[in-house]
1. Can you tell me how many residues within the stretch 167-211 are over 14 Å from ASN237 (Cβ atoms) and out of contact with any helix residue (DSSP H, G or I) (no Cβ under 6 Å at 6 or more places or on another chain)?
2. With (1) touching an Asp or Glu at 6+ places or on another chain (Cβ under 6 Å); (2) within 28 Å of LYS38 (Cα to Cα); (3) not polar (S, T, N, Q) as the list, and ILE166 as the residue in question, which single condition is left unmet?
3. How many of the residues in the stretch 1-60 are under 21 Å from ASP142 (Cβ atoms), hydroxyl-bearing (Ser, Thr, Tyr) and more than 11 Å from the chain's Cα centre (by Cα)?
4. Quick check on the stretch 226-237. Is at least one of its residues under 20 Å from SER13 (Cα atoms) and not β-branched (Val, Ile, Thr)?
5. Go over the candidates ARG107, ARG116 one by one and state the one that is over 17 Å from ARG148 (Cα atoms) and loosely packed, with under 14 Cβ neighbours inside 10 Å.
6. Would you mention how many residues in the stretch 167-181 are among the acidic types (Asp, Glu), farther than 16 Å from ASN215 by Cα and surrounded by fewer than 13 Cβ atoms within 10 Å (Cβ to Cβ)?
7. So which helices (runs of 4 or more DSSP H) stay within the stretch 26-106 end to end and still have 3 or more residues that are touching a Gly at 6+ places or on another chain (Cβ under 8 Å)?
8. For THR63, are the conditions met, namely being at pLDDT below 95, of a type in the set (Val, Ile, Thr) and surrounded by fewer than 24 Cβ atoms within 10 Å (Cβ to Cβ)?
Amino acid sequence: MALKYKRILLKLSGEALMGNLEYGIDPDFVNELCDEIKDIYEIGVQVAIVIGGGNIFRGVQGTKVGMDRATADYMGMLATVMNALALQDVLEKKEVPTRVMTAIEMRQIAEPYIRRRAIRHLEKGRVVIFAAGTGSPFFTTDTTGALRAAEIKADVLIKATKVDGIYDKDPNKYLDAKLLKEVKYLDAINQDLRVMDHTALTLCMENNLPIAVFNIKERGNLRKFVFGEEIGSIVKN
């Protein structure tokens, strides 16, 4: 069976790394996630990852207690670097070569983000983890995911979630919530379906970059998806 998606960008929230914990990094979940990544890496998929930091610190939390928004966002960016290093450590223990690239320069622990170098890493068979967001405050990691996916010419942006896909309303609150298998970009924006923030959705729409949303906790979903099986929901024109 041929691969449908050969270069992907996986958008992981920091909260996803909490697994079943209330805070921090769940080593059991991260281990399972890295097994999934290794599985598709070994069949030839080029994997890039954008990771959030909400399991450690969110800029929005800081502003709620009176912090300057830019300062709070920079703290959130540093949290994403911690998550990226943790993910790199587990992947490399599984013999998956990995590079962390950050939008904020910190040469002792990671490479600075350079687009052409990132693409070269992918071509050479390395998983690339993008950390520190865009390097600027006021932008979410959703927007970072869309930006990096467009820059590296990814075939698809995958938003990893804990639900089965995109619903017309919150499935945790409404029993009659309907799973939407396919959504247009403008519908996702106009109906405020909370797929990603509007900046990210607009960037994907302008670059004709499909967004896949599915449950990353279900084993094998990532592999099924890259081979073209209909998993979760997809946003496209």
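1. 20
2. Answer for ILE166: the failing condition is (1).
3. 1
4. The answer is yes; a qualifying residue exists.
5. Details: ARG116 fails: over 17 Å from ARG148 (Cα atoms).
Result of the check over ARG107, ARG116: ARG107.
6. So the count comes out to 1.
7. Output list reads 27-42, 69-93.
8. Yes: the conditions hold for THR63.
The values are calculated or read from the model by the stated rules, or taken from the named source; none is laboratory data. What you are looking at is a predicted structure, and each value in this text was computed from that prediction instead of being measured. Note: ideal-geometry Cβ built from the backbone for every residue, glycine included; neighbour counts use all protein chains shown.
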